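Asks: Structure in structure tokens, see below.
The values are calculated or read from the model by the stated rules, or taken from the named source; none is laboratory data. Just so you know, these numbers come straight off a predicted model, no measurement behind them. Note that each Cβ is placed from the backbone with ideal geometry, even for glycine, and that neighbours are counted across all protein chains shown. Heads up: the accessible areas ignore ligands, DNA and RNA and are worked out on the full protein's heavy atoms, side chains in. Shrake-Rupley method; radii C 1.70, N 1.55, O 1.52, S 1.80 Å.
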Amino acid sequence: MFWENIKLAIEAMRTSKLRTALSLLGIIIGVGAVVAILNLGASATENITGSLAQGGSDIISVYPNPNERTQSIFNIQFGLTLRDSNEGIDYVIPVMNSHGNFKSKDATSSSNYLGVESTYFSTQKLLYSSGSGFTAQENIDANQVVILGASLATKLFPEESPVGKNITLLTGDQGKMTTFEVIGVLKDKEQSYTMNYNDSAFIPFNTFTRKIYKITSVSTYIIKLKPGYDTVNVTNQLNKFLDSIVGSDGYNTFSSAMIANIASQVTGTLSLFLAAIAGISLLVGGIGIMNIMLVSVAERTKEIGIRKALGASPSVIRGQFLVEAITLTLVGGIIGIVFGSGLSYAVTNIAGWTLKLSYTSFAIAVGFSMFVGIFFGWYPAKTASKLDPIEALNYE
Amino acid sequence: MAKSIIYLDNVKRYYLVGDYFVKALDGVSLNINEGEFTSIMGPSGSGKSTMMNLIGCLDTATSGIIKIDGESTNGMNETELAYIRNKKVGFIFQQFNLLGKQSALKNVETPLLYGGISPKLRKEMAMEALDVVGLADRMKHRPNELSGGQKQRVAIARAIVSNPSILLADEPTGALDTKTGHQIMELFETLNAQGRTVIFVTHDLSLGNRCRRQIHLRDGKILGAI
């Protein structure tokens, strides 16, 4: 009986193709929009969290924002204080940051440079395309060695390998010159939210503080967590700790995990909100289905009369028209899924994201279109089942 | 003793039209035994169709007792009436009332569908019924590809396919020419000879007179019977 009803439904759809197509349009657009929005939301979240995770999900950066009172707090020793403040912290790397002019034999570049400890590179997952990093001893000795980011290396040495060559760094207004030996070049690394590694140079921390700027205030603390600790939790605890020392305006913390967390919450909420709006078009589509089903029942009054005379009970007639409405909305839903997925594919292609199809959205779309079929098909089906057999038979 | 298949006792069917009742059937009593061939005759508005609808369980009486195959239909709900229509009654209408989009075979299968018969058996039984009415070679045709007489044969095949006790034919020859009408009548006679109870409503005296038992209706009452 069920299959017979589906056959009848398909037959009814085929006899009035244009009308069926038009009445399905609402469902197709509604389902398509819901599917597209949920898929795009999922893809956007995936891409944002993906690119954030590149910055290291187990790393928290603390940026001091010193004033006269707190200036002296942010020194190298404060890194140890930070480390001891939370059991989730593995180690803390203080980083100095400045800007200067680099000069090779062929070219110059105005770039960012950092004073870092030897563990910085592995912590930030930086790899070498040639040469290597400096050792802990070289840092202690304040050797004049430098590691170049990928694009800075090409800029300064367009034609030859930089490793082993010397470059000069000009700093300050007086044009103080310091010569460095290039010992390593980094592989190309995607720009993170806070740092462009490719156009930067890296020198030992002690070289920075003793030979370039004789200062002790640190510009960034890179905090590496122990495995198994939640970055968001530790960040929150760290914020409380720093609040108590320098006040909430005395520093900023940044962790990819925190941003990823917020970003996925925002895109999640946004896509749910948009999907809800798209859901309204499903409702409108449902009204279209109800309309077409009422027309169908009216047109087929005679057929209903004949079927009743042949022994179809009210529930059988109701089932026939309900199945027809559900088939109609399901077909619309499936076309809508294809349409919505195509739309998501096009948009992600243009935006340069990788498409992540949300199968949940397909399930929601199918479920919702069936629900629309049942909800809006019920009344027309009930009308059909309640027709008086004699009146229906005599209907012309 | 012959078994009573249709029993009507003082059956009335009134319709409320505006402020007054139309007495479509006004106290009809009747007994028809299994295997009888009965014609019902009378002018338009005499209550023929109303009586057929009541016997066929398409309608319910205002008062009186109706028993089909010994079972009282009084107080039955729509589903129970549908069951009686499906199992006990085969309808044949003046306007054939075939399902226009379905093949002859599918049309004949329809009562079996509602009777819960399996698809395979449905097809076999429908082909057999079409064979009985001489249309085995037309089973793939749709109603609009068939002549009037052929359509009525399909309708008859549909009426007999589930082997009901009663065939109710409401002016089955009304839309056919005389010659075809007589052929259809012959088919009914054959079906009756095979033991089926036939009730045959007609205007046509020459057809009505071929029945052993004749009932004449006027103004909702039985005028006379042979």
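Asks: For the stretch B:56-80, how many residues are within 13 Å of chain A (Cβ to nearest Cβ) and under 15 Å from the mean Cα position of the chain (by Cα)?
Replies: 4
Asks: Take the stretch B:163-173 and flag every residue that is in contact (Cβ under 8 Å) with a residue 12 or more places away in the chain and either part of a helix (DSSP H, G or I) or surrounded by fewer than 24 Cβ atoms within 10 Å (Cβ to Cβ) (or both). Before the answer, list the steps.
Replies: Let us first name the residues in the stretch B:163-173 that are in contact (Cβ under 8 Å) with a residue 12 or more places away in the chain, namely B:164-173.
Within the stretch B:163-173, B:PRO164, B:SER165, B:ILE166, B:LEU167, B:ASP170, B:GLU171 qualify.
Asks: Right, something else. All but one of (1) touching a strand residue (DSSP E or B) at 6+ places or on another chain (Cβ under 6 Å); (2) among the hydrophobic types (A, V, I, L, M, F, W, C); (3) open to solvent by 70 Å² or more (accessible area, probe 1.4 Å) hold for A:VAL163, so report the exception by its number.
Replies: So the condition that A:VAL163 fails would be (3).
Asks: Give the number of residues within the stretch A:246-278 that are more than 15 Å from the chain's Cα centre (by Cα), open to solvent by less than 50 Å² (accessible area, probe 1.4 Å) and outside the structural domain of A:GLY26 (by TED's automatic domain parsing).
Replies: 7
Asks: Could you list, in sequence order, the residues of the stretch A:367-383 that are modelled with pLDDT under 95, closer than 11 Å to A:PHE321 by Cβ and aromatic (Phe, Trp, Tyr)?
Replies: Matches in the stretch A:367-383: none.
Asks: Still on this model: Which of the helices (runs of 4 or more DSSP H) found entirely inside the stretch A:1-96 contain at least 1 residues meeting this: under 36 Å from the mean Cα position of the chain (by Cα) and of a type in the set (Phe, Trp, Tyr)?
Replies: Those helices (runs of 4 or more DSSP H) span A:76-85.
Asks: Within the stretch B:174-224, how many residues turn out to be in contact (Cβ under 8 Å) with a residue 60 or more places away in the chain and either of a type in the set (Phe, Trp, Tyr) or open to solvent by less than 70 Å² (accessible area, probe 1.4 Å) (or both)?
Replies: 23
Asks: What's the total number of residues in the stretch B:128-159 that are open to solvent by 80 Å² or more (accessible area, probe 1.4 Å) and either in contact with an Asp or Glu (Cβ under 8 Å, 6 or more places away or on another chain) or not in a loop (DSSP other than H, G, I, E, B) (or both)? Steps first, answer last, please.
Replies: Narrowing the stretch B:128-159 to residues open to solvent by 80 Å² or more (accessible area, probe 1.4 Å): B:128, B:131, B:137, B:140, B:142, B:144-145.
Filter again for either in contact with an Asp or Glu (Cβ under 8 Å, 6 or more places away or on another chain) or not in a loop (DSSP other than H, G, I, E, B) (or both), leaving B:128, B:131, B:137, B:144-145.
Within the stretch B:128-159, residues that are open to solvent by 80 Å² or more (accessible area, probe 1.4 Å) and either in contact with an Asp or Glu (Cβ under 8 Å, 6 or more places away or on another chain) or not in a loop (DSSP other than H, G, I, E, B) (or both) number 5.
Asks: If A:SER129 satisfies every condition in (1) in contact (Cβ under 8 Å) with a residue 40 or more places away in the chain; (2) closer than 16 Å to A:ILE223 by Cβ but one, which is the exception?
Replies: Tallying (1) in contact (Cβ under 8 Å) with a residue 40 or more places away in the chain; (2) closer than 16 Å to A:ILE223 by Cβ, A:SER129 fails exactly one: (2).
Asks: Please verify whether the stretch B:7-20 includes one or more residues that are open to solvent by less than 30 Å² (accessible area, probe 1.4 Å), closer than 24 Å to A:ILE306 by Cα and modelled with pLDDT under 95.
Replies: So far as the stretch B:7-20 goes, no, none of its residues is open to solvent by less than 30 Å² (accessible area, probe 1.4 Å), closer than 24 Å to A:ILE306 by Cα and modelled with pLDDT under 95.
Asks: Output the qualifying pairs, or none if there are none: Cβ atoms under 9 angstrom, residues six or more apart or on different chains, first residue in the stretch A:297-308 and outside any helix (DSSP H, G or I), second residue open to solvent by 10 Å² or more (accessible area, probe 1.4 Å).
Replies: Pairs that qualify, where the first residue is outside any helix (DSSP H, G or I) and the partner is open to solvent by 10 Å² or more (accessible area, probe 1.4 Å), are A:ARG300/A:ALA12.
Asks: Now a separate question. Looking for something within 17 Å of B:ASN97 (Cα to Cα), under 13 Å from the mean Cα position of the chain (by Cα), not polar (S, T, N, Q) and not in a loop (DSSP other than H, G, I, E, B) - is there at least one such residue anywhere in the stretch B:185-193?
Replies: The answer is no; no qualifying residue exists.
Asks: While we're on this one: Kindly evaluate A:THR168 against the criterion of being assigned to a strand (DSSP E or B), open to solvent by less than 20 Å² (accessible area, probe 1.4 Å), farther than 24 Å from A:TYR63 by Cα and polar (S, T, N, Q). Step through it out loud before you land on a result.
Replies: Working: assigned to a strand (DSSP E or B): yes; open to solvent by less than 20 Å² (accessible area, probe 1.4 Å): no; farther than 24 Å from A:TYR63 by Cα: yes; polar (S, T, N, Q): yes.
So A:THR168 fails the test.
Asks: Here is a follow-up. Can you name every residue in the stretch A:132-154 that is in contact (Cβ under 8 Å) with a residue 24 or more places away in the chain and among the hydroxyl-bearing types (Ser, Thr, Tyr)? Quick ask: steps written out before the conclusion?
Replies: Taking the stretch A:132-154 and keeping what is in contact (Cβ under 8 Å) with a residue 24 or more places away in the chain, we get A:132-134, A:138-153.
The answer is A:SER132, A:SER151.
Asks: Among the candidates A:VAL295, A:VAL266, A:VAL316, A:VAL284, single out the residue that is closer than 17 Å to A:LYS382 by Cα, away from chain B (no Cβ under 11 Å) and not polar (S, T, N, Q).
Replies: Going through A:VAL295, A:VAL266, A:VAL316, A:VAL284 in turn, just one is closer than 17 Å to A:LYS382 by Cα, away from chain B (no Cβ under 11 Å) and not polar (S, T, N, Q): A:VAL295.
Asks: Being touching a Lys or Arg at 6+ places or on another chain (Cβ under 9 Å), within 14 Å of another protein chain (Cβ to nearest Cβ) and not in a helix (DSSP H, G or I) is the requirement here; does B:PRO111 meet it?
Replies: No: the conditions fail for B:PRO111.
Asks: Does B:GLY90 satisfy the condition of being outside any loop (DSSP other than H, G, I, E, B), over 27 Å from B:LEU146 (Cα atoms), of a type in the set (Gly, Ala, Ser) and more than 8 Å from every other protein chain (Cβ to nearest Cβ)?
Replies: Details: outside any loop (DSSP other than H, G, I, E, B): yes; over 27 Å from B:LEU146 (Cα atoms): no; of a type in the set (Gly, Ala, Ser): yes; more than 8 Å from every other protein chain (Cβ to nearest Cβ): yes.
No: the conditions fail for B:GLY90.
Asks: Taking interchain pairs and intrachain pairs at least six residues apart, which have beta carbon atoms under 6 angstrom, with the first residue in the stretch B:14-36 and under 22 Å from B:LEU167 (Cα atoms) and the second in a strand (DSSP E or B) and small (Gly, Ala, Ser)?
Replies: From residues that are under 22 Å from B:LEU167 (Cα atoms), the pairs are B:ASN31/B:SER4; B:ASN33/B:SER4.
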